[in-house]
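See structure below.
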Amino acid sequence: MQKEHIGDLLPRRLKAARALAGLTMVELGKATDLSTDKLYRFERGDQVPDALELGALAVATGQTVGYFLDEAAA
């Protein structure tokens, strides 16, 4: 099985985590102090969050950082 690149895995995981947490993009933006435009770019795979942003996304969605990075964490 070929390992998935973070740029492919993270967008799907972020969308799923946001949905599981019951958050809209606007609510997630408020919870993380990130713009909805930046969140949109993360979810489309156009941009990858830095470590601090990833940590904030994990806390806001109730996931671990590993959930977003490791294909085995699902």
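The values are calculated or read from the model by the stated rules, or taken from the named source; none is laboratory data. Model, not experiment: these values are computed from the prediction. Quick reminder, even Gly has a Cβ in these numbers, built from the backbone with ideal geometry, and neighbours come from all protein chains shown.
Residue pairs whose Cβ atoms lie under 6 Å apart, separated by 6 or more positions or on different chains, with the first residue in segment 59-74 and closer than 11 Å to residue 16 by Cα and the second modelled with pLDDT of 95 or more and not in a helix (DSSP H, G or I), are 61/21. One residue stands out in segment 59-74 among those that are part of a helix (DSSP H, G or I) and over 14 Å from residue 10 (Cβ atoms): the one that is modelled with the lowest pLDDT, namely 72.
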